[in-house]
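Everything on this sheet refers to the single structure shown next.
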Number of protein chains: 2
Amino acid sequence: MRFAVAMEAVHTYSLVHDDLPAMDDDDLRRGRPTVHKAFDEATAILVGDALQSLAFAHLLGSPDVRAAALARLLAENAYLMVEGQARDMDGEHAKLAEAEVLELMRTKTGALLASSVAGGALCAGADAGDVYPAGLKLGLAFQIADDLLDLTADTATLGKRAGKDAAAGKSTLPAIIGIEASRGRAEELLDEALAVFAPLGPRADALRALARYVLSRKK
Amino acid sequence: MRFAVAMEAVHTYSLVHDDLPAMDDDDLRRGRPTVHKAFDEATAILVGDALQSLAFAHLLGSPDVRAAALARLLAENAYLMVEGQARDMDGEHAKLAEAEVLELMRTKTGALLASSVAGGALCAGADAGDVYPAGLKLGLAFQIADDLLDLTADTATLGKRAGKDAAAGKSTLPAIIGIEASRGRAEELLDEALAVFAPLGPRADALRALARYVLSRKK
């Protein structure tokens with residue numbers, strides 16, 4: 001549970017900072033005003049900074065011997081996430097090739113999602129190395145689904161502004177290879193991840209349901 | 001060394017974010033343009049975020065058994081630092097009483113400095129609990145010296161903009177009790193810290209020299 005809380009604290013910090021005017025400049029998140037809209041920019045910067053510290057303080061406050069390995073996994077992948085976000089900002093107005101977009105998604109979205117899957121394995125006493133690559137595929141499928149929703153869903157359903165990638169001329173996978181081909185690619189990635197989770201048997205039912213939800217979600 | 005690197009990564013992240021337009025809005029740091037001036041705001045936000053992750057990834061990448069305790073100490077005090085900065089932003093245009101200013105300095109500046117002293121003790125296999133309060137006093141002395149330099153030194157010497165606290169109407173200790181009384185208070189705090197370090201003998205010579213430098217520094 002401490003690892004889950006720490007993971008969600010890092011995830012939330014990343015959303016609060018990504019929504020800032022200097023970054024993606026979003027007014028709406030989960031159907032509510034973003035932190036800098038509800039309060040101010042200084043508060044949003046500090047809330048993000050505090051959530052990142054809190055994640056590590058909370059996780060490392062555990063007497064469990066696995067806490068240090070989980071905190072290291074989280075820190076390394078939180079770093080990769082920022083690297084991906086920095087590349088994303090750089091490439092926002094450049095035309096990227098398909099391989100470049102996939103590589104960007106691997107760090108920006110894949111790393112944190114993969115570390116949540118690998119951390120689950122570590123908590124269960126399993127080898128995290130086996131499921132990390134599957135988590136990375138799931139992260140790519142998640143990002144493709146996100147990019148598809150940005151194109152096909154409306155703002156009220158999403159709870160965040162829709163259509164902003166196309167408006168910003170962003171090189172997403174759907175923008176490069178089209179909606180149908182992107183959906184096919186996401187389904188392939190999901191199937192590959194599910195194949196890795198298959199030998200885990202019934203105790204991985206929840207993991208498989210979550211993996212399928214990555215593509216079936218409507219928001 | 002890994003702890004020192006992690007500490008400095010957290011310290012530097014805090015400076016990069018504090019200099020942002022939405023925070024202290026500074027153009028100059030260590031005699032050079034601040035990160036958001038040399039690059040842009042998005043870069044400064046991401047550099048700070050990445051440095052914080054890097055601090056924990058680097059420290060927890062150590063095989064040393066003390067790494068987890070050091071990372072916990074750093075995370076808890078990095079969190080307190082942000083709490084102090086948030087209180088500082090809140091109080092910027094309010095008149096604070098002396099006790100409130102001291103309490104604010106304890107979190108904003110004292111916590112991180114105290115954790116660097118306590119971490120040194122942990123690395124040496126000593127009890128961190130004894131020296132943490134002395135580090136806190138040193139942190140207060142450091143902040144008072146900083147506020148005095150802001151009033152008495154010039155921008156070229158400081159390498160950062162001087163006179164900004166008075167211009168912002170900030171409640172610093174010198175603004176409340178005056179320059180001479182503040183200098184006296186800082187010297188008392190230094191003496192109290194040095195008294196705690198006295199029993200450590202010659203192997204704490206460097207620590208004592210650093211403690212004295214907190215007040216003797218001209219920038």
* Return the Cα extents of segment A:112-167 along principal axes one, two and three, sorted largest first, each rounded to a whole Å. => 44, 17, 12
* Structure fact -> Relative contact order of segment A:3-108 (C-alpha contacts under 8 Å, at least 6 apart) in percent is 26
* Once the label point is placed 7 Å from Cα along Cβ, list for B:K37 the distances to the corresponding points in the other copies, in nm, shortest first. => 3.3
* Structure fact -> With +1 at each Lys and Arg Cβ and -1 at each Asp and Glu Cβ, the charge dipole magnitude of segment A:66-216 around its Cα centre, to the nearest 20 debye, comes out at 400
* Structure fact -> Subtracting the Cα-Cα distance of A:F39 and A:I179 from 0.36 nm times their residue separation yields 46.7 nm
* Highest mean first, what order results for A:205-211, B:55-61 on Cβ atoms within 10 Å? -> B:55-61, A:205-211
* Asked: At q = 0.15 Å⁻¹, what base-10 log of I(q)/I(0) does the Debye formula yield for segment B:66-216 when every alpha carbon is treated as an equal point scatterer in vacuo?
  -> -0.80
* Structure fact -> Under the helix-only model (-39500 (n - 2.57) for each DSSP H run of 4 or more, divided by the residues of chain B), the mean residue ellipticity at 222 nm, to 500 deg cm²/dmol, is -22500 deg cm²/dmol
* Structure fact -> Any helix of chain B counts here only if DSSP assigns it H throughout, its Cα atoms span 15 Å or more along the axis, and its mean Kyte-Doolittle hydropathy is at least -1.0, and such helices are B:2-18, B:41-60, B:67-91, B:111-123, B:128-152, B:179-197, B:205-216
* To do: Please report how far the C-alpha centroid of segment A:92-136 lies from that of segment A:146-171, rounded to the nearest whole angstrom.
  => 22
* Structure fact -> Fewest-first ordering of B:Y213, B:Y132 by Cβ atoms within 10 Å yields B:Y213, B:Y132
* Structure fact -> Relative contact order as a percentage, segment B:66-216, C-alpha pairs under 8 Å and 6+ apart, gives 24
* Please give every one of the aspartates and glutamates within straight-line cross-link reach of B:K218, meaning a C-alpha to C-alpha distance under 13 Å, and leave out same-chain neighbours fewer than 8 residues apart. => B:D146, B:D147, B:D150, B:D154
* State, to one decimal in nm, how far the label point of A:R32 lies from the label point of B:E100, with both points 7 Å from Cα in the Cβ direction. => 2.8
* **Size of charge dipole - the protein assembly as shown - debye, nearest 20, with Cβ of Lys, Arg +1 and Asp, Glu -1, no other charges** => 620
* Structure fact -> If you rotate chain A onto chain B, the residue of A with its Cβ nearest that axis, and the gap in whole angstrom, comes out as A:A68, 2
* Paramagnetic label zone (point 7 Å from Cα along Cα-to-C-beta, A:T157; backbone N under 15 Å) in segment A:182-219 -> A:215-219
* Spatial separation of Cα centroids for segment B:5-75 and segment A:1-24, in angstrom -> 17
* Label segment B:149-219 by shape, choosing from rounded, prolate and oblate, from the square roots a ≥ b ≥ c of the eigenvalues of the Cα gyration tensor; if a/c is under 1.5 it is rounded, and otherwise prolate applies when a/b is larger than b/c, oblate when it is not. => oblate
* Asked: According to the square roots a ≥ b ≥ c of the eigenvalues of the Cα gyration tensor, what is the shape class of segment B:1-156, taking rounded for a/c under 1.5, prolate for a/b larger than b/c otherwise, and oblate for the remainder?
  -> oblate
* Determine the alpha carbon to alpha carbon distance for each of A:K160/A:K219; B:K37/B:K95; A:K37/A:K170 and list only those over 21 Å. => B:K37/B:K95; A:K37/A:K170
* Take the Cα gyration tensor of the protein assembly as shown, multiply each eigenvalue by 5, square-root it, and list the three semi-axes largest first, rounded to whole angstrom. => 43, 27, 16
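Computed from the coordinates by the stated procedures, all read-outs in this text should not be read as laboratory data. Computed from a predicted model, the values in this text were never measured in an experiment. All Cβ positions, glycine included, derive from the backbone under ideal geometry; neighbour counts span all protein chains shown.
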